[in-house]
Amino acid sequence: MGSQGGFGQSKEFLDLIKSIGEARSKAEEDRIVIREIETLKRRISEPDIPKRKMKEYIIRLLYVEMLGHDASFGYIHAVKMTHDDNLPSKRTGYLAVTLFLNDDHDLIILIVNTIQKDLKSDNYLVVCAALNAVCRLINDETIPAVLPLVVDLLSHSKEAVRKKAVMALHSFHRKSPSSVSHLISNFRKRLCDNDPGVMGATLCPLFDLVNADPTPYKDLVVSFVSILKQVAEHRLPKSYDYHQMPAPFVQIKLLKILALLGSGDKLASEHMYTVIGDVIRKGDSSSNIGNAILYESIRCVSSIYPNAKLLEAAADVIAKFLKSDSHNLKYMGIDALGRLIKLSPLIAEQHQLAVIDCLEDPDDTLKRKTFELLYKMTKSSNVEVIVDRMIDYMISISDDHYKTYIASRCVELAEQFAPSNHWFIQTMNKVFEHAGDLVNIKVAHNLMRLIAEGFGEDDDTTYSQLRSSAVESYLRIIGEPKLPSVFLQVICWVLGEYGTADGKHSASYITGKLCDMAEAYSNDETVKAYAITALTKIYSFEIAAGRKVDMLSECQSLVEELLASHSTDLQQRAYELQSVIGLDARAVEAILPHDASCEDIEVDKNISFLNDYVQKAIERGAMPYISENERSGMVNMSNFSSQDQQESGQHGLRFEAYEVPKPPVPSKVTPVSLSSVTDLVPVSESLYARETHHITSVGVASDTGSSGLKLKLDGVQKKWGKPTYSSPASSSNSTSQNPVNGVTKVDVATTVNSKVRDSYDSRKQQNEIDPEKQKLAASLFGGSTKPERRTSASSKVSKASAGAADRPQDSKAAIVPNKTSGEKTNQQPPPQDLLDLGEPTVTVAPPTVDPFQQLEGLLDASISSTVSPSVGAVSNAPDIMSLYTGSTSSEQRGAGGYIPVTGDNLNLLSELSSAAAVRGTTGETNAAPLSLSVKGANAKDSLEKDAKVRQMGVTPTSQNPNLFRDLLG
Amino acid sequence: MIVPIHLTNRFIFIIHVFFPISNAESNKMIRAVLVMNTQGKPRLAKFYEFRPVEKQQEIIRNVFAVLCSRPEHVSNFVDAESFFGPDARLVYKHFATLYFVFIFDGSENELAMLDLIQVFVETLDKCFRNVCELDVVFNYSKMHTILDEIIFGGQVLETSSTEVIKAVEEISKLEAASSSINLVSKSVSSWRSR
């Protein structure tokens, strides 16, 4: 029976599927399908095909297209089928058009009318089919044609239709938010729908809306919380249970929305703590879906305003995930760890070995996720190990997409945290060597700039050391076969600028290498251009130093080859080389001063230095320069030529007289436009040289002009770029202002250290662990919090202590947030929070708007429900209380505004409430009134709380306080 | 003639900023549902964003290539960015001779998607009594009907398999009633002559 029910197919179709299934090769399959297409083409256009047959043809067409063949000849038949009155035919027609057509297909216009008609149909299945098509086929132009009908369907008697109408409206919103912006309140109404299915479906558009802008939906927090509470308490119909979990998908969606709403909003978050805690507690970690909910809870906890208890619970769950054998759970655990680590950096410590295991797992997905985590954990103390690992992995994979990605990650980390210049150059070399062509060209330019400028305010000897180490490494690498073009360009540039700078290598040695390169990569014009320019530079340095230049023969032949190159650019450069070599030392020095790539070059846009020359030329009788708009004669000339062209096109004779040319208006010499004088006057050799110099300067000037964008490197030692990952509230500057804090900090630091070490040691005893792994773990995780261990950890890390200056800061930074969250007290606000504009301010003014008024919109929806708002409010009152008691107890703050309610009282009341609740009304109807009453109770409380918060000062979670560390010094 | 001469390869200083992959633009949705057999033949392909036929085939091929190369006992998640655009993830589940694949973006929870596959398969199983590849192939339109009840326009519509079955059965009943010539349909099971 199973496969029947109106879905039966003919023998032909079955044979087709069977023969395709048995096809041995793709070619054979193609032959069969093409034959099938022929048959269909013939059959489908026959007159009077029975409906059943036609339906089957369409399905066969769908099948053919799924196999990758063109079935466009049948589209029109599918469209025709949607007009059919017969239900199966109509449904098949709609199915086919949704699969075949895009929303801008020409045939859509033929369907819109049918859709309009079907949306009004009495048969709900017809309506559903039409709504399905609406989602897919209606574009922003046709939305107005169906919008009113869809809105009407929102209150259809069948929940299946309501559900789909919500989705259709959602799809309109996605396609063109402006067209339905006035209808968004409908989503709020549907949240209170009697049917859990409709409510669940409404969460999808609400999630999107909240994601776009959470502010207008803050009032719904309480509703969402109460829905989640009721779902978690198993109040939805049994049919929504899935593997004994109550409506898990609804729970997940709600947690997602709460995460968005609570992000950076302390007040909203406080409403959620209890229910999230409940969800985590009830979470069943033995089933897959239970873990999905747990994971979503962690995401939520990490996104909302941090709460110590929840963070702890989340950490426990993560530990369970990571210890599991299932790769899926490990993956989720690593992901969750990455999210939580921002809030409590110490959490990774307990899981170091699990993380290392994941890094060595054969599962690529898991490995990549782990790299993601490591990326977030990177500090200057462990950057070497992490980047080394990343590069190793990068070399081992062949997936270009991910290779590019991880290469850019490596570069980013290296730029931010590099412990030494030497290491940085070595790392970049490796990245370029293995993924050079995938790396953005800007990275190469950055590297060049770095080598040219050095880092920070080091003295000159470090500069030159850096440069010569770069030159040495490039001379070594040069011999390797098949280097990427970008890397070669860097090599050429560095060799040209600094190849002979330290006097270790002779000019002929470097030029020989450059010529070899140009020869080896002779089909790469960019590399050749870089090489020839590098040659020019080396020769000119030689000349400037007063040494005699003798060109190598291979160099000579290279220049000759390039002189005749097809590329004008290469030719140009070759000629430049030739002319530079012919100049004397003084001129060369002026053209190409040594080590001047970072010099600011002034640009004289008026070219005033040519004034003398021009003056002389005019005295000798040269024509003064006439600026372009004053050249009336010239303008006419061009007019003539265009006229001529027109006329020659017309092949007609000209009868009117030619215009009299106007005499040119003499004008004063304006230095502004002197550049074109050179078109008219002969250029002497010396002028040429001077000009070239200044023209080059123009080229360079663009560099200096944009160098305003440069990173501010002053004062930042061994580090460049601003760090991306940073722990919240890590304010090293707050120590100076808050000596008390500083003292406690030290205490915490030591206790944490000892504790962590203890746990580490005990684990070590428990099971024998590969010492290699331990070493790796130590170098990865040991960095910030265990300074005593670092010395023994690995030589690499101790080398990293070059950046010792910022490490104490780091370690403090790592501990502060943990402490603040651990003690659950609001500390002095870190100064940078004042600057932290990205974060919504926590000290929100209490809602002054009448909460009743606000809720009217919500209540409109519940008119259909049997419960009157007042009843709802009364029956739900205990719930609110429980919510409050929950939050007070969890906060242990004893804020004065709260009414102490004992647990017994609470139970009693909640039982009462469930008795009072009218049977048959589902939880959602209660949700709206609840939000109303809580809002009312809240206004006073929030005022008090607000005042208190202001007194104490607030520590909002700042995503990136380190951003300001650079600025503040 | 003056020719601009670049004697040096001076470069323009541009700070290289790495933008995190922004998912603000991408639609929050399930992007595609694929069912294919272990030989890589598609059995059901539904894309919730329009893709031309050739592109669909390319994606199916790519997905299959990835699934084939996965070792056993690893996670069911694969990063699908390289062939499905930014932020795309893929969750698959292997049943007998079939791969069920959901492709979606960062708005969904991987574990939950895995369970949604489970819901889908459980529903199929209840509809077809011990679903097997042949059922999937021969009931192409019914597969779509079921899927449409679970995922609608790229969003999860219904997650209770009992509700889905109820809806599908109702559709079948009404369809049967409304088709005037209700020929005895050739059932697959009899054709398979079990």
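May I ask you to say which residue of B:131, B:78, B:156, B:121 is more than 7 Å from chain A (Cβ to nearest Cβ), more than 26 Å from residue A:58 (Cβ to Cβ) and not acidic (Asp, Glu)? Can you show your working first?
On the way: B:131 fails: more than 26 Å from residue A:58 (Cβ to Cβ); B:78 fails: more than 7 Å from chain A (Cβ to nearest Cβ); B:156 fails: more than 7 Å from chain A (Cβ to nearest Cβ).
Sole residue among the options that is more than 7 Å from chain A (Cβ to nearest Cβ), more than 26 Å from residue A:58 (Cβ to Cβ) and not acidic (Asp, Glu): B:121.
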Q.
Can you tell me which condition residue A:139 does not meet? The list is (1) within 19 Å of residue B:156 (Cβ to Cβ); (2) outside any helix (DSSP H, G or I), and all the others hold.
A. (1)
Q | Positions within the stretch A:209-268 being over 17 Å from residue A:299 (Cα atoms) and assigned to a strand (DSSP E or B), in sequence order | A | A:241, A:242, A:245, A:246
Q) For the stretch A:128-145, how many residues are crowded, with 23+ Cβ neighbours inside 10 Å and among the β-branched types (Val, Ile, Thr)? A) 2
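Could we say that residue A:462 is away from chain B (no Cβ under 12 Å) and surrounded by fewer than 16 Cβ atoms within 10 Å (Cβ to Cβ) here? Walk me through it before giving the result.
Values: away from chain B (no Cβ under 12 Å): yes; surrounded by fewer than 16 Cβ atoms within 10 Å (Cβ to Cβ): yes.
Taking the combined requirement at face value, the residue satisfies it.
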Q: Check whether at least one residue in the stretch A:367-374 is away from every other protein chain (no Cβ under 14 Å), under 30 Å from residue A:423 (Cβ atoms) and either out of contact with any Ser or Thr (no Cβ under 9 Å at 6 or more places or on another chain) or not in a helix (DSSP H, G or I) (or both), and report yes or no.
A: yes
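Across the stretch A:315-366, which residue is nearest to residue A:772 (Cα to Cα) among those that are of a type in the set (Gly, Ala, Ser) and not in a helix (DSSP H, G or I)?
In the first step, residues of the stretch A:315-366 are kept if they are of a type in the set (Gly, Ala, Ser); the result is A:315, A:319, A:324, A:326, A:333, A:336, A:338, A:344, A:348, A:354.
Subset that is not in a helix (DSSP H, G or I): A:324, A:326, A:344.
On the way: A:324: 23, A:326: 24, A:344: 27 Å.
Checking each candidate, the answer is A:324.
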Q.
Filter the stretch A:515-531 down to the residues that are without any contact (Cβ under 8 Å) to a residue 24 or more places away in the chain and either buried (at least 21 other Cβ atoms within 10 Å of the Cβ) or out of contact with any helix residue (DSSP H, G or I) (no Cβ under 8 Å at 6 or more places or on another chain) (or both) and list them by number.
A. A:520, A:523
Q: Identify, from the list A:63, A:57, the residue that is among the hydroxyl-bearing types (Ser, Thr, Tyr), within 12 Å of another protein chain (Cβ to nearest Cβ), crowded, with 17+ Cβ neighbours inside 10 Å and under 16 Å from residue B:137 (Cα atoms).
A: A:63
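Does residue A:152 satisfy being in a helix (DSSP H, G or I) and acidic (Asp, Glu)? Walk me through it before giving the result.
Working: in a helix (DSSP H, G or I): yes; acidic (Asp, Glu): yes.
Judged against the criteria, residue A:152 is a match.
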Q | Which numbered condition residue A:268 misses (of (1) farther than 19 Å from residue A:777 by Cα; (2) buried (at least 20 other Cβ atoms within 10 Å of the Cβ); (3) in contact with a strand residue (DSSP E or B) (Cβ under 9 Å, 6 or more places away or on another chain); (4) within 14 Å of chain B (Cβ to nearest Cβ)) | A | (4)
Q.
Can you pull out every residue in the stretch A:532-546 that is more than 10 Å from every other protein chain (Cβ to nearest Cβ) and either of a type in the set (Gly, Ala, Ser) or surrounded by fewer than 17 Cβ atoms within 10 Å (Cβ to Cβ) (or both)?
A. A:544, A:545, A:546
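Residues checked against (1) modelled with pLDDT under 80; (2) assigned to a helix (DSSP H, G or I); (3) within 53 Å of the chain's Cα centre (by Cα):
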residue	(1), (2), (3)
A:590	yes, yes, yes
A:602	yes, no, yes
A:612	no, yes, no
A:616	no, yes, no
A:622	no, no, no
A:636	yes, yes, no
A:643	yes, yes, no
A:653	yes, no, no
A:675	yes, yes, yes
Q: With the condition kept exactly as written, say whether any residue in the stretch A:284-297 is β-branched (Val, Ile, Thr), part of a helix (DSSP H, G or I), under 29 Å from the mean Cα position of the chain (by Cα) and within 11 Å of chain B (Cβ to nearest Cβ).
A: yes
Q: Considering every residue within the stretch B:97-107, establish whether at least one is at the interface with chain A (Cβ under 10 Å from one of its Cβ atoms), part of a strand (DSSP E or B) and buried (at least 21 other Cβ atoms within 10 Å of the Cβ).
A: no
Q: Quick one: in the stretch A:156-187, of everything that is basic (Lys, Arg) and either buried (at least 21 other Cβ atoms within 10 Å of the Cβ) or free of Cβ contacts under 8 Å to residues at least 12 places away in the same chain (or both), which residue is nearest to residue A:143 (Cα to Cα)?
A: A:164
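Criterion first (assigned to a helix (DSSP H, G or I) and either outside the structural domain of residue A:555 (by TED's automatic domain parsing) or within 26 Å of residue A:417 (Cα to Cα) (or both)) does residue A:519 satisfy it?
Numbers: assigned to a helix (DSSP H, G or I): yes; either outside the structural domain of residue A:555 (by TED's automatic domain parsing) or within 26 Å of residue A:417 (Cα to Cα) (or both): no.
Considered against the rule, which asks whether it is assigned to a helix (DSSP H, G or I) and either outside the structural domain of residue A:555 (by TED's automatic domain parsing) or within 26 Å of residue A:417 (Cα to Cα) (or both), residue A:519 comes out as no.
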Q: Scan A:258, A:346 and give me the residue that is surrounded by 23 or more Cβ atoms within 10 Å (Cβ to Cβ), more than 12 Å from chain B (Cβ to nearest Cβ), under 27 Å from the mean Cα position of the chain (by Cα) and on the phi < 0 side of the Ramachandran plot.
A: A:258
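For the structure I just gave you, tell me whether residue A:355 is among the hydrophobic types (A, V, I, L, M, F, W, C) and either under 25 Å from residue B:90 (Cβ atoms) or touching a Pro at 6+ places or on another chain (Cβ under 6 Å) (or both). Even if it seems obvious, please write down each step before you answer.
Values: among the hydrophobic types (A, V, I, L, M, F, W, C): yes; either under 25 Å from residue B:90 (Cβ atoms) or touching a Pro at 6+ places or on another chain (Cβ under 6 Å) (or both): yes.
Spelling it out, residue A:355 is indeed among the hydrophobic types (A, V, I, L, M, F, W, C) and either under 25 Å from residue B:90 (Cβ atoms) or touching a Pro at 6+ places or on another chain (Cβ under 6 Å) (or both).
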Q) Quick one: how many residues across the stretch A:385-431 are in contact (Cβ under 8 Å) with a residue 60 or more places away in the chain and not in a helix (DSSP H, G or I)? A) 3
Q. Among A:558, A:592, A:583, which is the only one that is closer than 27 Å to residue A:468 by Cβ and within 14 Å of another protein chain (Cβ to nearest Cβ)?
A. A:592
**Q.** Scan of the stretch A:550-582 for residues that are buried (at least 17 other Cβ atoms within 10 Å of the Cβ) and not in a helix (DSSP H, G or I), ordered by number
**A.** A:551, A:565
Q | Criterion violated by residue A:253 - all others in (1) basic (Lys, Arg); (2) surrounded by fewer than 22 Cβ atoms within 10 Å (Cβ to Cβ); (3) within 11 Å of another protein chain (Cβ to nearest Cβ) satisfied | A | (2)
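The values are calculated or read from the model by the stated rules, or taken from the named source; none is laboratory data. Bear in mind the structure is a predicted one, so any value in this text is a computation, not a measurement. FYI the Cβ positions are ideal-geometry reconstructions off the backbone, even for glycines, and counts take in every protein chain you see.
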